[in-house]
Amino acid sequence: MNNECQGVSLPHENPHYMAALSEQELIRRQALQQIRELGINPYPAARFEINTSSVEIKNNFKAGEKNFQDVCIAGRLMSRRIMGKASFAELQDSAGRIQLYLNRDELCPGEDKTVYNTLFKKLLDIGDIIGVRGFVFITRVGEISVQVKELSLLSKSIKPLPVVKEKEGVQYDAFHDPDQRYRQRYLDLIVNPQVKETFVKRSKLVSSMRHFLEKRGYLEVETPVLQPIHGGAAAKPFKTYHNSLDIPLFLRIADELYLKRLIVGGFDGVFEFAKDFRNEGMDRFHNPEFTQMELYVAYKDYFWMMETVEEMIEQIALDLHGSTKIKVGDQTIDFKRPWKRFSMFEAIRHFTGIDISGMDETQLRETCTKLNLETDPSMGKGKLIDELFGELCEPNLIQPTFITDYPVEMSPLAKKHRSQPGLVERFEAICNGKEICNAYSELNDPLDQRERFEQQLLLARRGDEEAMVLDEDFLRAMEYGMPPTSGLGIGIDRLTMIMTDAHSIQDVIFFPQMRPEKSTSKDAQSE
């Protein structure tokens, strides 16, 4: 790239930038220049055709059959043992690692030994991306290896990888700080290759769920991310602005109200894997950007949906682990059907010994105070009950459990219970102490829905920032008639945490939201 703007220095010409480089970075840049002087392009444009992988070789090579006699693989150079005319190296590709054997005279059969003597021995570094062609054999110590006949530099690494250290005979990697790992996921994946398996399982989880739903005839759809009214959940939204329309817009907090519009329009079953956004606190169970799957099926109720959730998550466990039993921390969680069921009031009575079923808002607030739970004036009856359950019951539910029949104040979008006044037909699935899904028999009475929205407006006036907003277009859609419907939302991130035994939601999101990095001396100087 030519520097056509006079007075502007490219990064490698900036003396402040160069002064901030480490000694190893400077050495690598010198090697880069020497490679170019040899007439070798350290970033070639030509493609390199790969015909196998390290894992495929290790799993299928048979010495007696002499297979894998013309292999092309590529990846990062992760170690070298140079021993004069012959050397060993380790290559890491997308599947794993495999040993390379390089013999100077076989790699460079002519008089020119530059590729071995200069490029490989002196100018290549750990982390460089190379391609090799050769044949597979087994060394005298029994290790499957590739003898390299051709070597190509595909990308020169000018920043060194973290150094592997050893303590009491056990190797560990220097790159283990969670903050660094989440910020530099690309580096985390290189030096901690086991991390990749978490995200492979996440992808398989989504595929398993999608297959389960499509096999039953439900349609995958897409709904707006930018919405004029945020609805479908009790949460604080992110707000933005559209210049051409001259209106404020919100990043969606849920898909529910749009998916229900599609049920009104005549679809019998729709689902969406969606990125949702909530402008709330962050901890190991919450990220402001998260993924959930929402499903809405006409002519069903929450009893049917409980059975569907059991069957689907049991199948996911089998697809990922080959068993319904999964080790999570010190616990073994079994997703085999049927799961245990508690009503909300039964659960609170079971874990606290207190029956709150007949309490009004004042009595609930007094109960929370006696149990040392924090409350504030904006919290209505529903929020107080939620606080009791969340703090004193939820952490005790390790095996998958359905909590059913919530108070109407907690669920503005759920249908009133068919036999128990004051409750709604709602359930949540709790596992390993946290909610993994939420579902209702959906409210389809437009007059009742309007009244619930109006009650939410009263809570908003009391200071509840998570109260729902009245959506006139959604109410208009319901007035045309929505069939009896059951709806479900499953948190993909939290379910992945359980299925991969991850401690934090940041461990199952490639690029979690982080606070801005503190300025380093290099940043300050380059500015």
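Just a few scattered comments:
- The sole residue among K236, K196 that is among the charged types (D, E, K, R), more than 30 Å from Y440 (Cα to Cα), open to solvent by less than 80 Å² (accessible area, probe 1.4 Å) and out of contact with any Cys (no Cβ under 9 Å at 6 or more places or on another chain) is K196.
- Meets criteria (modelled with pLDDT of 95 or more, within 30 Å of E479 (Cα to Cα) and among the charged types (D, E, K, R)) for D268: yes
- Flag if G75 is at pLDDT below 95 and either out of contact with any strand residue (DSSP E or B) (no Cβ under 8 Å at 6 or more places or on another chain) or under 25 Å from N192 (Cα atoms) (or both): no
- Selection of the range 357-369 for residues being part of a helix (DSSP H, G or I) and charged (D, E, K, R) yields E361, R365, E366.
- Any chance I385 is under 27 Å from the mean Cα position of the chain (by Cα) and surrounded by 13 or more Cβ atoms within 10 Å (Cβ to Cβ): no
- Of all residues in the range 205-233 being open to solvent by less than 40 Å² (accessible area, probe 1.4 Å) and either assigned to a helix (DSSP H, G or I) or aromatic (F, W, Y) (or both), the one that is nearest to R476 (Cα to Cα): Y218
- T367 among the hydroxyl-bearing types (S, T, Y), touching a residue at least 12 places away in the same chain (Cβ under 8 Å) and closer than 30 Å to Q420 by Cα: yes
- Filter pass, L397 being crowded, with 22+ Cβ neighbours inside 10 Å and over 24 Å from the mean Cα position of the chain (by Cα): no
- Count of the range 253-275 residues, restricted to those that are part of a strand (DSSP E or B) and out of contact with any Gly (no Cβ under 9 Å at 6 or more places or on another chain), is 6.
- The C-beta contact set for the range 196-207 (first residue in contact (Cβ under 8 Å) with a residue 60 or more places away in the chain, second residue of a type in the set (G, A, S) and crowded, with 17+ Cβ neighbours inside 10 Å, distance under 9 angstrom, 6+ apart or interchain) comprises T198/A502.
- Within the range 321-356, being of a type in the set (D, E, K, R), in a strand (DSSP E or B) and more than 13 Å from T500 (Cα to Cα) holds for D334, K340, R341.
- All positions within the range 304-349 that are crowded, with 16+ Cβ neighbours inside 10 Å, aromatic (F, W, Y) and at pLDDT 95 or above: F335, W339
- Members of the range 43-55 that are within 11 Å of S152 (Cβ to Cβ) and either among the small types (G, A, S) or in contact with a Lys or Arg (Cβ under 6 Å, 6 or more places away or on another chain) (or both): A46
- Condition check for Q363: modelled with pLDDT of 95 or more and open to solvent by 60 Å² or more (accessible area, probe 1.4 Å): no
- Here the range 125-134 is the region considered, the condition is being under 24 Å from D70 (Cβ atoms) and free of Cβ contacts under 8 Å to residues at least 60 places away in the same chain, and the residue that is surrounded by the most Cβ atoms within 10 Å (Cβ to Cβ) is I130.
- Inter-residue pairs, beta-carbon under 9 Å, first on the phi > 0 side of the Ramachandran plot and in the range 326-349, second surrounded by fewer than 19 Cβ atoms within 10 Å (Cβ to Cβ), 6+ apart: G329/D501; G329/H503
- Among the residues making up the range 444-481, those that are more than 26 Å from M379 (Cα to Cα) and open to solvent by 90 Å² or more (accessible area, probe 1.4 Å) are R476, E479, Y480.
- Residues satisfying the stated conditions in the range 140-160, i.e. part of a loop (DSSP other than H, G, I, E, B) and open to solvent by 40 Å² or more (accessible area, probe 1.4 Å): R140, V141, G142, E143, I158, K159
- A count restricted to the range 370-411 and to residues that are without any contact (Cβ under 8 Å) to a residue 12 or more places away in the chain and either under 22 Å from I498 (Cβ atoms) or assigned to a helix (DSSP H, G or I) (or both) stands at 2.
- The listed residue being within 22 Å of R210 (Cβ to Cβ) and of a type in the set (S, T, N, Q), out of T291, T332, T240: T291
- Just one of (1) within 22 Å of G39 (Cα to Cα); (2) open to solvent by 30 Å² or more (accessible area, probe 1.4 Å); (3) part of a strand (DSSP E or B) fails for F137. It is (1).
The values are calculated or read from the model by the stated rules, or taken from the named source; none is laboratory data. As the structure is a prediction and not an experimental result, all values here were calculated from the model. We place every Cβ from the backbone using ideal geometry, glycine too, and count neighbours over all the protein chains shown. These accessible areas exclude ligands, DNA and RNA; they are computed on the full protein's heavy atoms, side chains included. Shrake-Rupley method; radii C 1.70, N 1.55, O 1.52, S 1.80 Å.
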